[in-house]
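Here is the structure we will look at, set down as C-alpha cells.
The values are calculated or read from the model by the stated rules, or taken from the named source; none is laboratory data. The shown structure was predicted, so the numbers you read here are calculated from the model rather than taken from an experiment. Cβ: placed from backbone, ideal geometry, glycine included. Neighbour counts: every protein chain shown. Accessible surface is based on the protein model in full, side chains and every heavy atom, while ligands, DNA and RNA are left aside. Shrake-Rupley method; radii C 1.70, N 1.55, O 1.52, S 1.80 Å.
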Amino acid sequence: MNQWRKFQQGFVFDTSLGMAVDFSRAGVDRDFLEEMSVAMGRCYDELAELEAGAIANPDENRQVGHYWLRAPALAASPEMTQEIEQTLKGMEDFVQAVHAGRIQGQRGHSFKYVLLIGIGGSSLGPQFVADALGYPNQPLKAYFINNTDPDGIDRVLDEVAGYLDQTLVVVISKSGGTVETRNGMIEVRGAYAERGLDFAKHAVAVTQVGSMLDEVRKQEAWLAAFPMWDWVGGRTSLLSAVGLLPLGLLGVDVQQLLEGARLCDVWTRERVTENNPSALLALSWYKATGGQGGGQMVVLPYKDRLELVGKYLQQLVMESLGKELDRDGRRVHQGLTVLGNKGSTDQHSYVQQLLDGPNNFVAVFIEVLLDRAGSSAVMAEESTAGDYLQAFRLGTREALSQRGRSSLTILLEKVDALRVGALIALFERAVTFYASLVNINAYHQPAVELGKRSAGEIIGLKNDVVHYLKDHAHEDFSVEELVKALGCEGAEEMVFSLLWRLSYNAQSGICVVKGAAVSGEEASAQDEIAHNTDAPGDIWARRYRCVREL
C-alpha cells in the first residue's frame, strides 16, 4: 500500500472540534488493529464501567469520575451531579464578583493578580493552560508557587511584593497536608503579615471538605472555598475547581474548555478503533513498547503556546502508568517516559538521538494550523515564518519515518479553550486505555507515597542532628561521631549531606569548625580519601558545632 493510501486510512478527524490525528506512521495498521481487537473490546468495556461509577481503585475503594466534570449528568448519582453543577455555578459567581470589583482586598483595591500555591496536578495543569490561553490585558495576571525552594518563593514574592493587597491567593491541596503547598502558604502568609495585611482576606481554598486546609480556612474566614472530590485524582483534576477557578479568574473561557473535553469524550467512546483517536494513541504506545515498560513518548508541540504540554503530560502519563505490579500482583515494571520540547527548538537539541539513537519511542507532533490572528510577513523563498515552522515539522517527521521511527501528529485548527480541552481529554482517555491493555491500575500511586514517607524520615533525622548539636553547644563533632551518638549507624552519607547544607545557612546555627582536625588512623584514612578524590580540603574530616548565639 502506498503512503498516500496509508495516510488516508490513518487520518481521523472531528469537524465539531476542528481536530485531527494522523496515525499513518505510528505502526497501527489494519493487521495490528485486528490483532488487538479482542483486547480493545475489553478496554472499551472497562472504560464504560468507569464512567458508570465502578470502583477504579480497590486499594482506596475509590471511583474515578473526572469524566463527569465536563458532563455532570453522567455522574454516578444525582447528588454528585448536583455537587458538580453547584460548584461550577459558585465558581462562576465568584469569578464575576472578583472581575467586577465586588470582592476586593483588605484595603479596598480590586484584585489584579492571582497567586496559585499548589504542586503536581494542582499546578502543572493550570500553568499549562494559563500559558496556552494567555492574552494581553487579561482581568488578572498569574503567578505560581509550586515548590518548596526558598529562593524560588522569593522570586515570585518579589514580583508581587508591592501589590499584595491586589493579589488573590488560591491555595490548592486535596488533603490540606501536602508539605510543599503548606510551606508555600506559610511563606506567603508571612509576606502578608510583614506588610500589615490579613492573609485570610485575600485567600481562597480548593480542598476536600473536612481537610486540614478546610478547617483552617473556616477558622480564619477566608474569602471562599471550593471542593475537591475523592473521585478526582490530582493528575486528572485540571477540569475541576483546581484548574477552572484560577483559569476563570485569568479570563479563560472555562465553559469552552469543558465543552472541548466533553466533545472529545464523545468522540473517543467510539468502539470502532480506527475512528477513535485515544484508542489509537494508546495502541501506538503499545506498539512502540511491545506492552512493556521502558519505552518513551517524545512530545513535540510546534507552537510556543503549547510549550508546557510536555510537563503536564509527564505527570498525567508517568504517574498513571509507572507501576511495579499489575492488577494481578505480578511484577511488571510498567511505564512510559515522557520527554518534551517545542519545535523547532528541539531540532537543535535531541532530534539527533531520535534519528540515530535507540529506537524505543513514539514521537507525538502537535501542529496548529492557524499561524496567528493577522497576516504574516514573507521571508525568503516566498514563505512566512509559519511556512518554515510547518516545513521543519514535516521534515523531521519524514526523517524519522525514513529511519523506521514511529510518529503520529495531532493537528489543531487553532489554540483556544475548545481545542485545549479536547487535547486534555484525548490524553486522559489514552492513559485509561493503555492501562487496561497492560492490566495495571492507573489510579493509584504507592511509589509517590513512599517518597513522601522517606522525606518525612529525613526531616526527622535532620531534627535529631540539630537538636543533638544544640544540646552540646560549642562541642565539635565529626559525621561519624554524630552518627554513633544518635545510634543511626549506616546513615553517615545522609548526615553528611544534611550538615553540609545546614552549614551554608546561618539561620541553622550549625557551622564548620575552622582548622578542626582529627588524629590517628582515622585522619590518615580520611586524608587519603580526600586526596584521591581531589576534594577541595579535607571535607571528610570536617567537624561541626552549633553556635547558640546565631
Note to self: For the structure I just gave you, tell me whether V266 is hydrophobic (A, V, I, L, M, F, W, C), surrounded by fewer than 18 Cβ atoms within 10 Å (Cβ to Cβ) and assigned to a helix (DSSP H, G or I).
What the structure shows: yes
Margin query: Every residue in the stretch 285-309 that is under 22 Å from L369 (Cβ atoms) and not aliphatic (A, V, I, L, M), please.
Written below: P301, Y302, K303, D304, R305, E307
Check: List pairs: first in the stretch 9-21 and open to solvent by 60 Å² or more (accessible area, probe 1.4 Å), second in a helix (DSSP H, G or I), Cβ under 8 Å, 6+ apart or cross-chain?
Finding: S16/L263
Next item on the list: May I ask you to say which residue of L239, L280, L247, L223 is in contact with a strand residue (DSSP E or B) (Cβ under 6 Å, 6 or more places away or on another chain) and modelled with pLDDT of 95 or more?
Entry: L223
Next item on the list: Could you identify the single residue in D230, D253 that is open to solvent by 20 Å² or more (accessible area, probe 1.4 Å) and closer than 22 Å to P139 by Cα?
Entry: D253
Margin query: Please determine whether any residue of the stretch 221-229 is closer than 21 Å to H444 by Cβ, of a type outside the set (D, E, K, R), in contact with a helix residue (DSSP H, G or I) (Cβ under 8 Å, 6 or more places away or on another chain) and in contact (Cβ under 8 Å) with a residue 60 or more places away in the chain.
Written below: yes
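Quick grid of which residues meet (1) modelled with pLDDT under 95; (2) of a type outside the set (G, A, S); (3) surrounded by fewer than 21 Cβ atoms within 10 Å (Cβ to Cβ):
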site: F23; (1), (2), (3): no, yes, no
site: R30; (1), (2), (3): yes, yes, yes
site: M36; (1), (2), (3): no, yes, yes
site: A39; (1), (2), (3): no, no, yes
site: W68; (1), (2), (3): no, yes, no
site: A71; (1), (2), (3): no, no, yes
site: A75; (1), (2), (3): no, no, no
site: P78; (1), (2), (3): no, yes, yes
Checklist line | Only one of G310, G322, G335, G294 that is of a type in the set (G, A, S), more than 21 Å from R429 (Cβ to Cβ) and touching a residue at least 24 places away in the same chain (Cβ under 8 Å) | finding: G294
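Given the stretch 286-381, what strands (runs of 3 or more DSSP E) lie entirely inside it while holding 1 or more residues that are of a type in the set (S, T, N, Q)?
295-302, 331-334, 336-340
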Item checked: Subset of the stretch 133-164 (residues that are within 19 Å of W222 (Cβ to Cβ), open to solvent by less than 20 Å² (accessible area, probe 1.4 Å) and touching a helix residue (DSSP H, G or I) at 6+ places or on another chain (Cβ under 7 Å)) -> L140, I145, L164
Notebook entry, point to check: Does the stretch 190-206 contain any residue that is at positive phi and open to solvent by 20 Å² or more (accessible area, probe 1.4 Å)?
Noted result: yes
Item checked: Single match in G293, G322 (criterion: under 19 Å from A39 (Cα atoms), surrounded by fewer than 23 Cβ atoms within 10 Å (Cβ to Cβ) and of a type outside the set (K, R)) -> G293
Next item on the list: Could you check S240 against (1) open to solvent by less than 20 Å² (accessible area, probe 1.4 Å); (2) over 25 Å from R62 (Cβ atoms) and say which number it fails?
Entry: (2)
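Within the stretch 47-56, which residues are buried (at least 17 other Cβ atoms within 10 Å of the Cβ) and on the phi < 0 side of the Ramachandran plot? Walk me through how you get there before you give the answer.
Filtering the stretch 47-56 for residues buried (at least 17 other Cβ atoms within 10 Å of the Cβ) gives 47, 50-51, 53, 56.
Once the filter is applied, which keeps residues that are buried (at least 17 other Cβ atoms within 10 Å of the Cβ) and on the phi < 0 side of the Ramachandran plot, the stretch 47-56 yields L47, L50, E51, A56.
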Item checked: Residue that is nearest to V170 (Cα to Cα) [pool: residues in the stretch 91-121 that are among the small types (G, A, S) and open to solvent by 30 Å² or more (accessible area, probe 1.4 Å)] -> S110
Next item on the list: Could you look through the stretch 241-263, keep only residues that are in a helix (DSSP H, G or I) and over 20 Å from the mean Cα position of the chain (by Cα), and pick out the one that is farthest from Y44 (Cα to Cα)?
Entry: L249
Next item on the list: Those residues that are basic (K, R) and within 23 Å of the chain's Cα centre (by Cα), I need them from the stretch 264-320; list them, please.
Entry: K303, R305, K311
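Among L369, L354, which is in contact with a Leu (Cβ under 8 Å, 6 or more places away or on another chain) and surrounded by fewer than 17 Cβ atoms within 10 Å (Cβ to Cβ)? Quick ask: steps written out before the conclusion?
Working: L354 fails: surrounded by fewer than 17 Cβ atoms within 10 Å (Cβ to Cβ).
Only one candidate passes the filter, namely L369.
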